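Here's the structure we're looking at; comments come further down.
The values are calculated or read from the model by the stated rules, or taken from the named source; none is laboratory data. Not measured: the values here are computed from a predicted model. Note: ideal-geometry Cβ built from the backbone for every residue, glycine included; neighbour counts use all protein chains shown.
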Amino acid sequence: MSVNQNLQFGLIGQIFKSDYGWLCARVNRAMGCPHGAQDIASETFLRVLALPDPASIREPRALLTTIARRLMYEGWRRQDLERAYLETLAQAPLATHPSPEERLLLLETLAEVDRLLDGLSAKAKAAFLYHQLDGLTYMQIGELLQVSVSRVQQYMADAFKRCYLAMVQP
């Protein structure tokens, strides 16, 4: 281990010692679940460890708060996706229900697609999903979303661009 890495781990260790309890309490107030708060706080510090230059951290609590808030939002979005999936599944015939393993893979895929499309407008996400999952034409999507076919084309181009960038970027 290099001297620089030792210094970085020491710095993060100091931040951990002084701010882990504070972060857990802060997240617990937002979530109302001490165990979930500890998970979020731990994941927050793992993300800090993965930063390219932890020594450049000037305001540790601000950084920790931002990372923890993003992790909470990601968790809530995932719960919303899972809830919507399970509600849809409950309406399907029992014979078409996937196995628990397939269900987990589907939920992970849904979360990844949601993450991939994050930043697109709700209509752009809907257009992409209508086209890819339901096989609707651009004209049908335009009617559903009450937009022009050229606007649907723009939505699809934006979504495909995100998919392409996700494939080529490490």
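Observations on the structure shown:
- Residue check for residue 84: among the hydrophobic types (A, V, I, L, M, F, W, C), farther than 22 Å from residue 167 by Cβ and at pLDDT below 85: yes
- Residue check, residue 134 free of Cβ contacts under 8 Å to residues at least 12 places away in the same chain, under 20 Å from residue 75 (Cα atoms) and charged (D, E, K, R): no
- Within this structure, residue 63 fails the test of being more than 22 Å from residue 118 (Cα to Cα) and surrounded by 10 or more Cβ atoms within 10 Å (Cβ to Cβ).
- The stretch 154-170 residues that are within 16 Å of residue 113 (Cα to Cα) and among the aliphatic types (A, V, I, L, M), paired with ones that are assigned to a helix (DSSP H, G or I) and at pLDDT below 90 (beta carbon under 7 Å, 6 or more apart): 159/117; 166/116
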